[in-house]
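Report on the following structure.
Any read-out appearing in this document is the output of simple, stated calculations on the displayed coordinates, not a laboratory observation. Every value quoted in this text rests on a predicted model; they were computed, and no experiment measured them. Backbone-built Cβ (ideal geometry, glycine too); neighbour counts: all protein chains shown.
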Amino acid sequence: MSSAPADAPALQPPAGPLPLEPLDPKLTSIQPGGGVVCRLELAWGRVRRCWLRTFRPGYVRKMAALRKGDFNGCPHEVLDPRDLKFFRNQGGFYWEPRDDPFRWRDRIPFARVGLAELLVFTALTFGPAAALAAVLATYGADLGTPLLAAGWVLTAGLSVCGALAVWFFRDPPRRVPTEPGLVVSPADGTITDVDEVPHDEFIGGPAVRIGIFLSIFSVHINRAPVAGRVVGLRYQAGKFLNALRPESARENEQLALRMQETEYPYRRYVVRQITGAIARRIVCWLKPGDALARGEKFGMIKLGSRTELVLPREAGLTVRTRLGDKVRAGATVLAEYAAVTPNGGGGH
């Protein structure tokens, strides 16, 4: 835990809310890296829309009447909220929560954007494990001890892999602290870096960079560190180095969320979602202009990764985390700013 050094820059008069940046043209979906499961979901969507048009025309008309927005931001026809899943960051059509028949999926204890992967991974593990267990239970006596033992070991291994997939995609509720001036962790994991940055381009001055490593056992949902507005998003394709390697922060695929506080003093923050050797799918469903509450979910990184938070270094900042700390997204306080007023005064 540390406070700003004595020579830390004093708080400068804010410029006010920044103008919004255009959406990065590389962000054509909420999962810019694509992937096999993503393609399967999109293919299933084409089948589902055909079925709805053919056998449920009344439902299609009802959802069209409830639909809001004045243009279709998706590359396909939009019949109900499921068609928006991968294109929520493109704007356009939407449904009010009360009109969304699939809103209940947000309340289940698993990441909604990872449900397809969860179904595929569990089907590929628990399914063969159950079938193999049935075969071993029925014909085990005829297989001989070595084959029987190997079969049960394989069954156990498949079951463990399935359990890990279920554990990975969990989405537990979080109690978000409400005291003013707090900056909460954007990710679960272990603190691997707390560095001083002489100048950050978006922050506009000196900054503190906090790196968080997410193992395959961490919750992988990302949350907003402060209440703020999305100014812009920048995506960089790249490598898939181990997220513990320092160069991964520069060379791996990543997405930078650039946001600004919605109230004085309008501080700016950057949250970087960075892939790892196993995690190769960044998900972020935001677009410029979206507003976030502190601790609100905005995306995830699938299967182990790294998240970085860059915050302005100024007088009144106290960093409340250190190397090796275990943190939880939306709940663990990483830093705190002393209260300020528009005339430059402080105090809580």
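Here the chain is treated with +1 on each Lys and Arg Cβ and -1 on each Asp and Glu Cβ, and its dipole about the Cα centre works out to around 1160 debye. As a proxy for reagent exposure, W44, W152, W95 were ordered by neighbouring Cβ count within 10 angstrom, fewest first; the result is W44, W152, W95.
Label separation (K326 vs A291): 3.7 nm, computed from points 7 Å beyond Cα along the C-beta direction.
Over the chain, dividing the summed -39,500 (n - 2.57) contributions of all DSSP H runs of at least 4 residues by the number of residues returns a 222 nm mean residue ellipticity of -8500 deg cm²/dmol.
When the square roots of the Cα gyration tensor eigenvalues are ordered a ≥ b ≥ c, the ratio a/c for the chain is 1.5 or more and a/b does not exceed b/c, which makes its shape oblate. The phi-based Karplus calculation (6.51 cos²θ - 1.76 cosθ + 1.60; θ = phi - 60°) puts the 3J(HN,Hα) values of segment 189-201 at x, 10, 6, 10, 8, 9, 10, 8, 10, x, 7, 10, 4 Hz, whole numbers, x for Gly and Pro. Fully extending the segment from V36 to Q236 would add 70.0 nm, taking 0.36 nm per residue of separation and subtracting the current Cα-Cα distance. Here each label is just a point 7 Å from Cα along the line to Cβ, and for V166 and T28 those points are 3.8 nm apart.
Each Cα pair under 8 Å and six or more residues apart adds its separation to the average, and for the chain the resulting relative contact order is 23 percent.
Rounded to the nearest 20, the size of the Cβ-charge dipole of segment 36-108 about its Cα centre is 240 debye, with Lys and Arg at +1 and Asp and Glu at -1.
Using the Cα centre of the chain as origin and beta-carbon charges of +1 (Lys, Arg) and -1 (Asp, Glu), tell me which of L119, A315, Y59 is placed farthest towards the positive end of the dipole. Checked the options; the winner is Y59. When the Cα gyration tensor is reduced to axis lengths a ≥ b ≥ c, the ratio a/c is 1.5 or higher for segment 114-168, and with a/b above b/c it is classed as prolate. Modelled spin labels at A131 and R46, positioned 7 Å past Cα toward Cβ, are 2.7 nm from each other. Decide, for segment 36-108, between rounded, prolate and oblate: order the square roots of the alpha carbon gyration tensor eigenvalues as a ≥ b ≥ c, take rounded if a/c falls under 1.5, and otherwise choose prolate if a/b is larger than b/c, else oblate. Judged from the Cα gyration tensor, segment 36-108 comes out rounded (a/c under 1.5).
Residue separation of L20 and Y266 scaled by 0.36 nm, minus their Cα-Cα distance, works out to 87.2 nm of gained length. For segment 42-64 versus segment 93-117, the inter-centroid distance based on Cα atoms is 18 Å.
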